[in-house]
1. Being within 26 Å of the chain's Cα centre (by Cα) and either in a loop (DSSP other than H, G, I, E, B) or more than 16 Å from ligand 1 (Cβ to nearest atom) (or both) is the filter here, so list the residues in segment 146-179 that pass it.
2. Could you tell me whether Val409 is open to solvent by 40 Å² or more (accessible area, probe 1.4 Å), touching a Ser or Thr at 6+ places or on another chain (Cβ under 6 Å) and within 17 Å of Gln494 (Cβ to Cβ)?
3. When segment 255-279 is examined, which residues are found to be more than 16 Å from ligand 1 (Cβ to nearest atom), without any contact (Cβ under 8 Å) to a residue 60 or more places away in the chain and within 17 Å of the chain's Cα centre (by Cα)?
4. If a residue must be assigned to a loop (DSSP other than H, G, I, E, B), in contact with a Pro (Cβ under 6 Å, 6 or more places away or on another chain) and of a type outside the set (Gly, Ala, Ser), how many such residues does segment 386-437 contain?
5. Return yes when Arg271 is basic (Lys, Arg) and away from ligand 2 (no atom under 16 Å from the Cβ) and no when it is not.
6. Of a type outside the set (Ser, Thr, Tyr), assigned to a helix (DSSP H, G or I), open to solvent by 10 Å² or more (accessible area, probe 1.4 Å) and away from ligand 2 (no atom under 16 Å from the Cβ) - does that describe any residue in segment 241-255?
7. So is Thr498 open to solvent by less than 40 Å² (accessible area, probe 1.4 Å) and among the β-branched types (Val, Ile, Thr) or not?
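The values are calculated or read from the model by the stated rules, or taken from the named source; none is laboratory data. Quick caveat, the model's predicted, so the values are computed rather than measured. Cβ: placed from backbone, ideal geometry, glycine included. Neighbour counts: every protein chain shown. Heads up: the accessible areas ignore ligands, DNA and RNA and are worked out on the full protein's heavy atoms, side chains in. Shrake-Rupley method; radii C 1.70, N 1.55, O 1.52, S 1.80 Å.
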Amino acid sequence: MTSDAANDRRPRADPPAPGQRVIVFDTTMRDGEQSPGASMSIDEKLELAKILEDMRVDVIEAGFPIASNGDFEAVRRISQMVTESTVCGLARAGAADIERCAEAIGPAARGRIHTFISTSPQHRDHILRMSAGEVVEAVHASVTLARNLCGDVEWSAQDATRTERDMLRRCVEAAIRAGAGTINIPDTVGFTYPDEYAAIFRDLIENVPGADGVVFSTHCHNDLGLAVANSLAGVQAGARQVEVAINGIGERAGNAALEEVVMALKVRADRLPFPTGVRTEHITRASRYVSAITGFPVQFNKAIVGKNAFAHEAGIHQDGMLKNAQTYEIMRPEDVGQGGSNLVMGKHSGRHAFREKLRALGYDLGQNALNEAFGRFKDLADKKKTIYDDDIVALVDDALSRGAERIQVKSLRVVSGTEGPPQARLTLVVDGVEAAAVATGDGPVDAVFNAIRQIAPHAAVLRLFQVHAVTEGADAQAQVSVRLEEDGSIATGQSADTDTLTASATAYVNALNNLISRQEKAPPEPLRKLNSNG
Ligand code: KIV
Ligand code: ZN
């Protein structure tokens, strides 16, 4: 699936000259995937890469190739598919990491190796057990090797903000001398204050030889809720790349949120006159997709993409908005892809109107996918009088996030209430063969999941079960997310249905299908995440 702009291959703006444009580097699939439980399948990553490319993100960090076969494969396949954005892979300072990364990004039209090493005393002493001098040498050696394999190399100083200033200057100088084109200064532990972060950039830009020929980058974690403020402070001080993630996902408290940094630069261009190339009307679509595939809900009051971000409840605010939207609105919902079309959908809506609605919501499905989605829409319209935009988004994202379906739900009947234990009567189709079971449980959902386990025995452990109503009203669809884990391999499944138990059964089965296909493609490896510390 691509958005309506997928075929629009007009040349992008020239690569930004330092000082003019801010490069947007998305790390949702690398640092974002390091959030506990936020694992994505290869198919989901490919879909997300298309969304990011359509959105005109400059650099897509697609994974950490040496971490697992799955990460390698994801980076390689995204490199084969993406033509406009730069595709980047992460590598530690060792030769094995850098060579594996170069292999993964090999097919990319524009590839980048992002290599890093810790520079702070805490990490040097306790993780690397290397002296400051040895770290500086490793910076030079690793960037030199990366440059021999790829023309575009980014170097990061992990835990830069807790590094002695002189040591940081020496490392940055070594990286520039060895040929790094981008120098990233991560606030790895989310510890810094905006004025301190800005001072680091000013110091490096003023004092390190060769600094005027490279792009400096921010990478801020949100442990103190300062990631966006710090990223903007970095830009104010001369950084011209921001590393961000959709919905702010990432290690621990997450990374700076792409949507917040980009919109802050757009809305307050009077303060920071450095545009990004991002097509901001694609933001909501990207946010919803990331939320659907990770199972991480977006908090209602989240800036830019929260359900309430443009809702005006207080009477005085509503009155002002009716008189003039500028009274309480600093940006329009359409600017970030919320709202859009006023077409109300229902039972009598035809295929053409449905396609138009999908376009307005940022989807451009191929004929088969459109037919399938339209069929599901009609089924829903039989059960629900008014179909809201959110219903359609849930329905399409549900279909898009499904992997190969070795197991399918054929029928389900659940009896529950105050009289006796809940009972689920379930029929699944497993590899084309029907199988049925009856099970009880500590509640109807437990009974349904027990029935699935009876028919398709597996060792996976349920890590997340989450339900939320897609819209308001008693006939709202329930959107269910299920996360399963087996041997360190994690898979998520979603489903939306007006029947919460049917959605639960289907979400569980989807998660199981995703887990099976992940294990078939890439045997789970215990070394996930190595010592990246994110
Ligand atoms: O937070 C961090 O330091 C990182 C690096 C690997 C860039 O994610
Ligand atoms: Zn990080």
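1. Across segment 146-179, the qualifying residues are Cys150, Asp152, Asp159.
2. Working: open to solvent by 40 Å² or more (accessible area, probe 1.4 Å): yes; touching a Ser or Thr at 6+ places or on another chain (Cβ under 6 Å): yes; within 17 Å of Gln494 (Cβ to Cβ): yes.
It is true that Val409 is open to solvent by 40 Å² or more (accessible area, probe 1.4 Å), touching a Ser or Thr at 6+ places or on another chain (Cβ under 6 Å) and within 17 Å of Gln494 (Cβ to Cβ).
3. From segment 255-279, those more than 16 Å from ligand 1 (Cβ to nearest atom) are 259-260, 262-279; that's our starting set.
With the extra rule that they be without any contact (Cβ under 8 Å) to a residue 60 or more places away in the chain, the set shrinks to 260, 264, 268-273.
Glu260, the sole residue that qualifies.
4. We begin by selecting, within segment 386-437, every residue assigned to a loop (DSSP other than H, G, I, E, B); these are 386, 388, 401-406, 416-422, 431-432.
Imposing the further condition that a residue be in contact with a Pro (Cβ under 6 Å, 6 or more places away or on another chain) reduces the set to 416, 422.
Next cut, of a type outside the set (Gly, Ala, Ser) only: 422.
Within segment 386-437, residues that are assigned to a loop (DSSP other than H, G, I, E, B), in contact with a Pro (Cβ under 6 Å, 6 or more places away or on another chain) and of a type outside the set (Gly, Ala, Ser) number 1.
5. Numbers: basic (Lys, Arg): yes; away from ligand 2 (no atom under 16 Å from the Cβ): yes.
Yes: the conditions hold for Arg271.
6. No, the conditions are met nowhere in segment 241-255.
7. Details: open to solvent by less than 40 Å² (accessible area, probe 1.4 Å): no; among the β-branched types (Val, Ile, Thr): yes.
Spelling it out, it is not the case that Thr498 is open to solvent by less than 40 Å² (accessible area, probe 1.4 Å) and among the β-branched types (Val, Ile, Thr).
Condition check ((1) within 16 Å of ligand 2 (Cβ to nearest atom); (2) in a loop (DSSP other than H, G, I, E, B); (3) at pLDDT 95 or above) across all residues:
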site: Glu259; (1), (2), (3): no, no, yes
site: Val262; (1), (2), (3): no, no, yes
site: Lys266; (1), (2), (3): no, no, yes
site: Val290; (1), (2), (3): no, no, no
site: Val298; (1), (2), (3): no, yes, no
